[in-house]
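Colleague: Encoded as structure tokens, here's the structure I'll be asking about.
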Amino acid sequence: MNFRKVAVLLLGCSLLLALGTAASAQLKLEVKEHVLDNGLKILMIPKPGVPRVVCHIYYKVGSINERPGITGIAHVHEHMMFKGTRIMGVTDFEADDAINKQIDELMEKIYREKYWKRDGDQQKIAEWQKQVDELIKAEKKYIIKDHLWETYMKNGGTGLNASTSDEVTGYYVTLPSNKVELQMLLESDRMMNAYFREFYSEKDVVMEERRLSENRPGFLFNEQVRATFYVGAPYHWQVIGWMDDLRRITKQDLIEFNNKYYVPNNAVAIYVGDFKPEEIIQLAEKYFGRVPKGKDVEPIRTSVPPQNSHKRMYGEGPGMPSLQMWFHIPEDGHPDVPALSLLSSILSGETGRLTKVLVKEKDVAIRAMAMARPQWYTGAFTFNVIPKLQKGIQPEDLEKDVWEEIDKIKKEAVTAEELQKAKNRAEASFIRSLESPMFLAMRVGRAELNRGWRSLLTDLEDLKKVTAEDIKNVATKYFVKDNCLVAVYSRGQGRR
């Protein structure tokens, strides 16, 4: 096999970040890069000292890669990746596999009877379910519970976890420097040999997560706000998915999802800590190099179409009353994003414009904030204001106050002092995020899957170049009624 080895040192020069009036802080970030023949990219950030290594692997898959009918499957898949493989989580794979095949056959019958027919035979369903329950009991003797976690713990592992977002799924563990080989063995095994035992009971666990979310005041309303805002794009649904889809997702759906997205050429592995890069590369070739390359994954096709209308939503429930105003903004990497990000900082926080005017001066709100959220394929800029009910202020009363602040920015821009403070905060936040090996791995790994990890540094430079005129221009461009969704949530007896 011919190995392609690429070593990249970031930066050729250091970034000097001015933090307020304090002395400049020097930042130097060195990343080495290696690409396997199967397309898996290995990123390495050596940090000599404490003999531990943060080991993360990220897959370029999240809820935006789902479709109606299987929403929530990326999150379900994340859960299932902890249920073992052919060698992990089981004492006798052949016996366990035979039971699972019987369970799958019966569940296919139940699925068709429940969901393919208008009036399925409930007696048949009950009989088949009884057989399934007996088989599940019989399978338990072959299952090694928490096998992956216990294996890592016995070898000094900490922080074993995973997460699913709209665009990325990640798996994490921190190990002693001399145990990184174990992570490569186990993660390459999961990538190549995932086996979805206990699928049906684990799907029930995810549905229970969904039920708990539904019990949170405001959840159902906010879910509808998101669905109304992201028309036409897969950001339309939340990562947890729709309950009806969770009920109907099949194991075959999960297997097909796994085969499509959980392939080395759709992933990046990143290591931060005390190690020698040449040893990491050697181990990666040995373990991850054996995983077959998958088909190239196409990016999602549908983004959010222009809104071209002013939208309004009303809801009520037991939660805190609020006014939300959502505006469409471009995707991550667009030239307008740095100005929008700094504007959200200028508007928010204890010293931000919204708090200063709405909370302190006018005394009509108890909290007011703004947030710019540029995502991979689209973005949102949101205002969220909580009215001061004890003064008789209702959520809808606050809309004119928010528009007044927006109009001020359109006409007068922002002050040089406000802009510099926002830039300082952004630079300081960036530096702090690089101090923690775990957050460093997260930022670099996730950025690599989108526009490449070097974009972290160019984005910071772009922020520093933003002018007050740039902020005035983006406010004028995006903060218009035909690009806005207003969502008013009031206290009442309605759904949550």
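Colleague: Hey, could you check region 157-174 for residues that are assigned to a strand (DSSP E or B) and in contact with a Phe, Trp or Tyr (Cβ under 7 Å, 6 or more places away or on another chain) and say which is nearest to V272 (Cα to Cα)? Quick ask: steps written out before the conclusion?
Modeller: Step one: of region 157-174, the residues assigned to a strand (DSSP E or B) are 158-164, 169-174.
Subsequent filtering for residues that are in contact with a Phe, Trp or Tyr (Cβ under 7 Å, 6 or more places away or on another chain) retains 159-162, 169-170, 173.
On the way: G159: 14, L160: 15, N161: 16, A162: 17, T169: 18, G170: 15, V173: 11 Å.
Applying the filter and picking the extreme gives V173.
Colleague: I would also like to ask the following. Pairs only if they're at least six apart or on different chains, beta carbon under 7 angstrom, first in region 420-436 and within 15 Å of K465 (Cα to Cα), second of a type in the set (S, T, N, Q); list them, first residue then second.
Modeller: A422/S345; R425/S345; A426/S345
Colleague: Only one of I280, I255 is part of a helix (DSSP H, G or I), β-branched (V, I, T) and surrounded by fewer than 18 Cβ atoms within 10 Å (Cβ to Cβ). Can you tell me which? Break it down into steps so the answer makes sense when it comes.
Modeller: On the way: I280 fails: surrounded by fewer than 18 Cβ atoms within 10 Å (Cβ to Cβ).
That would be I255, the only listed residue that is part of a helix (DSSP H, G or I), β-branched (V, I, T) and surrounded by fewer than 18 Cβ atoms within 10 Å (Cβ to Cβ).
Colleague: Would you check which residues across region 372-398 are under 13 Å from F479 (Cα atoms) and surrounded by fewer than 21 Cβ atoms within 10 Å (Cβ to Cβ) and list them?
Modeller: If the condition is that a residue be under 13 Å from F479 (Cα atoms) and surrounded by fewer than 21 Cβ atoms within 10 Å (Cβ to Cβ), then A380, T382 are the ones that fit.
Colleague: While we're on this one: Looking at region 101-156, which of its residues are under 34 Å from the mean Cα position of the chain (by Cα), not in a helix (DSSP H, G or I) and not aliphatic (A, V, I, L, M)?
Modeller: The answer is W116, K145, D146, N155, G156.
Colleague: For region 184-202, indicate whether the set of residues that are farther than 17 Å from M81 by Cβ and not hydrophobic (A, V, I, L, M, F, W, C) is non-empty. So that I can check it myself, show each step before the final result.
Modeller: Step one: of region 184-202, the residues farther than 17 Å from M81 by Cβ are none.
For region 184-202, residues farther than 17 Å from M81 by Cβ and not hydrophobic (A, V, I, L, M, F, W, C): absent.
Colleague: Can you tell me which of (1) loosely packed, with under 15 Cβ neighbours inside 10 Å; (2) not in a helix (DSSP H, G or I) is the one W453 doesn't meet?
Modeller: That leaves (1) as the condition not met.
Table: residues versus (1) closer than 27 Å to W242 by Cα; (2) at pLDDT 95 or above; (3) among the acidic types (D, E); (4) in the same structural domain as T169 (by TED's automatic domain parsing).
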position	(1), (2), (3), (4)
G49	no, no, no, yes
V54	no, yes, no, yes
K60	yes, yes, no, yes
G69	yes, yes, no, yes
V76	yes, yes, no, yes
H79	yes, yes, no, yes
D104	yes, yes, yes, no
K109	yes, yes, no, no
R112	yes, yes, no, no
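The values are calculated or read from the model by the stated rules, or taken from the named source; none is laboratory data. Everything numeric in this text was worked out from a predicted model, so none of it was measured. Glycine gets a Cβ as well: all are built from the backbone with ideal geometry, and neighbour counts include every protein chain shown.
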